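Structure, as structure tokens:
Nothing in this text is a laboratory measurement; each read-out follows from the coordinates by a stated rule. All of these numbers come straight from a predicted model, not from anything done at the bench. Ideal geometry is used to build each Cβ from the backbone, glycine not excepted, and the neighbour counts take in all protein chains shown.
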Ligand SMILES: Cc1cc2nc3c(=O)[nH]c(=O)nc-3n(C[C@H](O)[C@H](O)[C@H](O)COP(=O)(O)OP(=O)(O)OC[C@H]3O[C@@H](n4cnc5c(N)ncnc54)[C@H](O)[C@@H]3O)c2cc1C
């Protein structure tokens with residue numbers, strides 16, 4: 001069992017690892033190091049309830065302030081790991097101090113991809129990953145303000161919905177032919193884009209941002225085809241990349257993220273990784289995957305803690321994710337494969353969707369909008385990995401749970 005555990009990154013995965021270690025009765029020292037000034041918080045509300053103004057920032061905290069002392073967790077805030085030295089089993093921090101460890105957990109998450117374009121440094125050009133960034137953006141979403149979003153992924157689409165609820169005018173620029181193309185099946189893209197358009201969001205698909213214009217502050221943006229869009233704010237939301245820079249020279253095996261197995265173990269003995277920073281093997285998924293979701297951060301954090309505590313418990317849970325846009329709750333589990341057959345189920349509910357991605361009679365993924373029961377049944381079916389008798393659903397009123 002690890003006597004002295006150091007966790008770098010105090011977000012969803014880092015805190016989960018610490019909490020699970022205590023739950024597993026790991027009594028040694030646990031230090032959490034986080035770059036941000038805040039207590040650990042969850043990110044999903046940043047593009048939703050924080051922007052709409054429904055939540056106060058304190059509601060995002062994962063645990064209350066007293067929790068850390070109560071569980072003997074040492075939390076170093078505003079402190080960044082700058083170097084890892086596995087030979088000496090220590091980590092260097094940005095204030096020049098070093099932390100020795102018996103077990104180290106890398107939970108440094110991901111940071112937004114930055115775009116280079118003329119005008120990128122103008123005021124009003126922003127990114128969204130942290131609570132500070134969300135609060136700064138929320139303060140500017142005044143009724144009538146014009147917001148342009150580069151990137152029609154989950155974050156761009158959620159921010160668009162939040163901004164519309166605050167009567168902002170919204171344009172989305174997306175380089176792909178459809179929104180959220182990387183993660184969702186085509187009918188989901190079409191369904192949600194149409195709901196946004198009904199509420200006044202304008203889409204510019206297969207278009208790229210070429211520049212932002214303004215004296216001090218952004219006033220307009222131009223597209224590759226020369227068109228201009230007047231705007232007060234420009235949000236760049238074009239994906240994230242795992243935060244790996246501080247690991248350079250450490251010898252730890254990385255691809256897109258830090259390579260881990262289903263127990264959260266990296267290529268170096270005593271070092272584990274979890275969350276958005278990890279690139280994992282998973283029994284239900286092809287190849288290695290970086291899974292950017294709360295569920296993955298929690299499950300991998302638990303797996304890393306179990307390994308450190310000497311009670312290994314592999315991470316085999318079906319990966320899942322959700323998004324909220326207006327009153328539409330999108331839920332997906334598993335990952336579609338390129339050659340899968342797409343099956344659309346009648347949910348029996350208006351304004352909803354249930355899609356199955358099926359290959360070799362196995363359910364690889366389920367993607368639903370406002371159809372939670374079908375989603376839950378699909379998630380369980382993926383985990384069971386048994387052949388699907390899809391013909392049993394070929395009658396009106398048939399439900400996916402009948403296949404369980
Ligand atoms: C706006 C937004 C909305 C989202 N909505 C959803 C959603 O609806 N559903 C869903 O499933 N997922 C959602 N996600 C994704 C989800 O929040 C992430 O997958 C999850 O936070 C990953 O947890 P993590 O601990 O790996 O990384 P993070 O939560 O990013 O935590 C990593 C922490 O490490 C710190 N750090 C980085 N480098 C260092 C260093 N060198 N030293 C010290 N500290 C460091 C970072 O500052 C950060 O605080 C959303 C994300 C964002 C940004």
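Among 264, 119, 153, the residue with the largest mean-square fluctuation in a Gaussian network model of the chain, with springs joining Cα atoms closer than 10 Å, is 119.
Between residue 67 and residue 295, the contour length at 0.36 nm per residue exceeds the alpha carbon distance by 79.9 nm.
Within the chain, the proportion of Cα pairs with more than 31 Å between them is 44 percent. With q set to 0.14, 0.19, 0.25 Å⁻¹, the log10 of I(q)/I(0) for the stretch 240-327, from the Debye formula over equal scatterers at the Cα positions, is -0.47, -0.81, -1.29. Between the stretch 53-74 and the stretch 352-381, the alpha-carbon centres lie 34 Å apart.
Summarising the label geometry, the points placed 7 Å from Cα in the beta-carbon direction at residue 102 and residue 316 lie 2.9 nm from one another. With no solvent and one point on each alpha carbon, what is the Debye value of log10 I(q)/I(0) for the stretch 85-222 at q = 0.11, 0.14, 0.17 Å⁻¹? Taken in order of the listed q values, log10 I(q)/I(0) reads -0.53, -0.74, -0.95. In this rough spin-label picture, where each label sits 7 Å from Cα along the Cβ direction, the residue 384-residue 165 distance is 3.6 nm. Spatially, the stretch 109-184 and the stretch 242-293 are offset by 28 Å when compared through their Cα centroids. Length available on full extension from residue 4 to residue 199: 0.36 nm per residue minus the Cα-Cα distance, which gives 64.9 nm. With 0.36 nm allotted per residue and the present C-alpha distance subtracted, the residue 401-residue 176 stretch has 77.5 nm of extension available.
Once the C-beta distance of residue 190 and residue 88 is scaled by a Förster radius of 45 Å, the resulting FRET efficiency is 0.25 to the nearest 0.05. The modelled label-to-label distance between residue 139 and residue 56, using points 7 Å beyond Cα along the C-beta direction, is 1.8 nm.
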